[in-house]
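Take a look at the following structure, please.
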Amino acid sequence: MTNTAAFDAELTITDDAVLIVIDVQQGFEDHGFWGERDRPEAEERIGALLTAWEGTGRPVVVVRHQSARGPLVPGTPGYELKPFVAEARADLHITKTVNSAFYGTPDLHAWLQERGAEQLVIVGIMTNVCNETTARMGGNLGYDVVFPIDAMHTFAMAGPDGESIPAAELARGTAAVLHTMRFAKVVTTEDVLKAV
């Protein structure tokens, strides 16, 4: 687990903190497929962080999900990145077929180790799926993970009893788990921008 004193300290963003932008793809605009979402401001916040990283020369990793079916199939419009991410500077592009960016190509962990990177700032889609999975793995691998919860969004999902759980409630659950179990520092975009 992360050192407790470091975890509870005031947020600091290191000069080489890596911004990891996960799955900001056109296919997530298909609300007929995904359903109700939370955080309508998420893309604006992701854009603000991309601008801050670009302005300070910090590294950016852009991750894209590749599905065999649904709105994220390669070769379809849904697979493409949203324009503000596609046009941003990226030091590394990763393609994945599972939830964690650490199981993509090229190898994220190896790339981070080569750079000596220790801090990751995770944003993108979906809060409680690929973002949370990547944050948990990052925490387990010893990275200092920062999770600006308002620079991401998710969608309502049905529980095993068939009842729909609102997107905002799922995101609150993610925030609670990551914070309480010390996988990541759950913060806001404003917190990160102030620290940058």
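The values are calculated or read from the model by the stated rules, or taken from the named source; none is laboratory data. From a predicted model like this one, the values you see are computed outputs, not experimental measurements. Methodologically, a virtual Cβ is constructed for each residue, glycine included, from the backbone with ideal geometry; neighbour enumeration extends over all protein chains shown.
On the given criteria, is residue 135 surrounded by 15 or more Cβ atoms within 10 Å (Cβ to Cβ), of a type in the set (A, V, I, L, M) and within 21 Å of residue 49 (Cα to Cα)?
yes
Filter the stretch 106-148 for residues that are among the aliphatic types (A, V, I, L, M) and under 9 Å from the mean Cα position of the chain (by Cα) and give the result.
121, 122, 123, 125, 126, 135 - these are the residues of the stretch 106-148 that are among the aliphatic types (A, V, I, L, M) and under 9 Å from the mean Cα position of the chain (by Cα).
In this structure, does residue 79 turn out to be under 16 Å from residue 129 (Cα atoms) and at pLDDT 95 or above?
So residue 79 fails the test.
I'm trying to understand the selection: among the residues of the stretch 84-102, which are over 26 Å from residue 113 (Cβ atoms) and either within 17 Å of the chain's Cα centre (by Cα) or surrounded by 16 or more Cβ atoms within 10 Å (Cβ to Cβ) (or both)?
Selection gives 84, 86.
Could you list, ordered by first residue, the pairs with Cβ atoms under 7 Å in which the first is in the stretch 116-127 and in contact (Cβ under 8 Å) with a residue 40 or more places away in the chain and at positive phi and the second is surrounded by 19 or more Cβ atoms within 10 Å (Cβ to Cβ) and of a type in the set (A, V, I, L, M), at least 6 apart or interchain?
That search, which allows pairs on different chains as well, returns 124/21; 124/22; 124/24; 124/46; 124/152.
Being part of a helix (DSSP H, G or I), within 22 Å of residue 29 (Cα to Cα), touching a residue at least 12 places away in the same chain (Cβ under 8 Å) and aliphatic (A, V, I, L, M) narrows it down to one residue among 178, 170; which is it?
Of 178, 170, the one residue that is part of a helix (DSSP H, G or I), within 22 Å of residue 29 (Cα to Cα), touching a residue at least 12 places away in the same chain (Cβ under 8 Å) and aliphatic (A, V, I, L, M) is 170.
Hey, does the stretch 6-19 have a residue that's closer than 22 Å to residue 194 by Cβ and assigned to a strand (DSSP E or B)?
Yes, because at least one residue in the stretch 6-19 is closer than 22 Å to residue 194 by Cβ and assigned to a strand (DSSP E or B).
Does residue 53 meet the test of being within 25 Å of residue 188 (Cβ to Cβ) and part of a helix (DSSP H, G or I)?
yes
Only one of (1) of a type in the set (A, V, I, L, M); (2) surrounded by fewer than 16 Cβ atoms within 10 Å (Cβ to Cβ); (3) in a strand (DSSP E or B) is not met by residue 146, so which one is it?
That leaves (2) as the condition not met.
To keep it simple, each residue is scored yes or no on (1) touching a residue at least 40 places away in the same chain (Cβ under 8 Å); (2) among the basic types (Lys, Arg); (3) farther than 21 Å from residue 29 by Cβ.
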| site | (1), (2), (3) |
| --- | --- |
| 41 | yes, no, no |
| 45 | yes, yes, no |
| 48 | yes, no, no |
| 56 | yes, no, yes |
| 71 | yes, no, no |
| 84 | yes, no, no |
| 94 | no, no, yes |
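Working only within the stretch 9-31, note down all residues that are under 30 Å from residue 73 (Cα atoms) and in contact with a strand residue (DSSP E or B) (Cβ under 8 Å, 6 or more places away or on another chain).
Within the stretch 9-31, 18, 19, 20, 21, 22, 23, 24, 25, 26, 28, 31 meet the criteria.
Restricting the search to the stretch 149-158, which residues are closer than 14 Å to residue 35 by Cα and either aromatic (Phe, Trp, Tyr) or assigned to a loop (DSSP other than H, G, I, E, B) (or both)?
Passing the criteria: 154, 155, 156.
Suppose we filter 13, 22 for residues that are modelled with pLDDT of 95 or more, under 21 Å from residue 126 (Cα atoms), aliphatic (A, V, I, L, M) and surrounded by 13 or more Cβ atoms within 10 Å (Cβ to Cβ); which single one remains?
Just one listed residue meets the conditions, 22.
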